[in-house]
Structure formats: structure tokens, C-alpha cells
Amino acid sequence: MSTVTSATNTQTNTTAQQQTAQLSQPQMGEEFDNFLKLLTAQLRNQDPLSPLDSTQFVEQLATFSSLEQQVRGNASLESMASMIGDIHAMFASEWIGKSVTVESSWVPYSGQSVDFMVNAPDAADKAILNIKDSAGETIWTKALDLSDDTHSWNGQTLSGDEAQTDQIFEFGIDLYSGTNFLGTAAPQVKTTVTNVANENGTMRVGTSSNLSASVDKVSKIDDE
């Protein structure tokens, strides 16, 4: 019983403090009324031989009006920032931990297999994977079967040695229709979202494969 009473008293005191704080902070309308009362007092008590300059009066009114608009503008910006933060939190909760594909030509290699998909046009009937190191040297090439949903590279190289870990490699998938070259596509790397961040107004995701991309380069996939 004593614990409940204490909590109730605390809540009452807190509410009273909040109400007092709110009352102690005049609203913009009250400040405007005070400003008009001050100007009225100035007019009533002005020196008849040196009356208040009407230009001065207008300047004071304009200054206060500008200040009032600025304060209201700041309040609107704070409200918008809070709204963006709420959207960001909601977006993050829906994406973190999800399996996705990230379109990227440059792929980090950590020693684990790199799984990826190929977004090939219907006319394509042949695909050649080419992987280059940071110096532009081709370290691996392989024909891909476009009927497979997922492809994988486990670090093998043309020399027979495993690729160095913690390096970034350039992936290019050359697509053909018969002997007609259609173009080079970037792989759709399969990975998991680990974080979401807003960078200069652009929503970006971080992933377990150390790839970071804007959301327009990311697609959700069904969990296996």
C-alpha cells in the first residue's frame, strides 16, 4: 500500500511541476499581446514634443513578426525531424535480419562463399562470370548456367590458390544471346541486413557481407 501511495504522490508532484513549467513559458500569442501592450504604453507616455516615429513602430512590429515566424518555423522543423526519425525506426524494424540481394560490381571476400543471383534478360542464353582483383587482373572466369537460381564463388582462382581475404573484387557477368553480346551485368549478392541508416536524406542498408547500398539497389528475398 505504501509503495502505491508513494508512486501516486510522485506522479502528482511530477504533473504539478510539468503544469508549472508550461505556465511559466508564455506562448507566442501571449508574447504578441505583451508586445502590443508595450507599444501602447510607449504611445501613451511618449513626449508630445518628440512623438514616437511611425517608421520605428513599423520596424519594431516587423522585427517581432519575423521572430515569431522563425520560432514557428523551428518548431515545424523539429516536428518534421521527429517524423523522419519515426519513419526511419519503422523502416529499420522491417528490414533488419531480412535476407536480401544487393546489386554491386565490387564485392568483399571474407573467406566465406559469395552467393549471388543474375538478373539476365529473357534473350540471354549464355553468361560468363569474370572476377578481377584491385589491379584489374582477371583471377577467375566461369560459364554460368542461367537456369540456376543462385550461383556461388568460394574464392577459387585461375592459379589454384584461394583469393586473399578481406579484399574487394570486381564481378562482371557478360551476357550473350548466341554470339551477340548483350552487355555486362553486376551480380545480385545474397546477404542479410544488419543495420539501416539515413545518410543525407538517402536511406541506406548495411549487410553481413560488408556491402552498403541505397534501398533502391536492395531487394528482399524469401528466407530459406
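The values are calculated or read from the model by the stated rules, or taken from the named source; none is laboratory data. Keep in mind that what you see is a predicted model, and the values were worked out from it rather than measured. Counting neighbours? That spans all protein chains shown, and the Cβs are built from the backbone with ideal geometry, glycine included.
Looking at segment 175-213, which of its residues are over 24 Å from Ile131 (Cβ atoms), at pLDDT 85 or above and exposed (fewer than 13 other Cβ atoms within 10 Å of the Cβ)?
Gly178, Asn195
Among the residues of segment 118-131, count how many are crowded, with 17+ Cβ neighbours inside 10 Å and within 12 Å of Gly172 (Cα to Cα).
4
Please determine whether any residue of segment 185-194 is closer than 17 Å to Thr101 by Cα and without any contact (Cβ under 8 Å) to a residue 24 or more places away in the chain. Steps first, please.
From segment 185-194, those closer than 17 Å to Thr101 by Cα are 185-194; that's our starting set.
If we keep only those that are without any contact (Cβ under 8 Å) to a residue 24 or more places away in the chain too, we end up with none.
Checking segment 185-194: not a single residue is closer than 17 Å to Thr101 by Cα and without any contact (Cβ under 8 Å) to a residue 24 or more places away in the chain.
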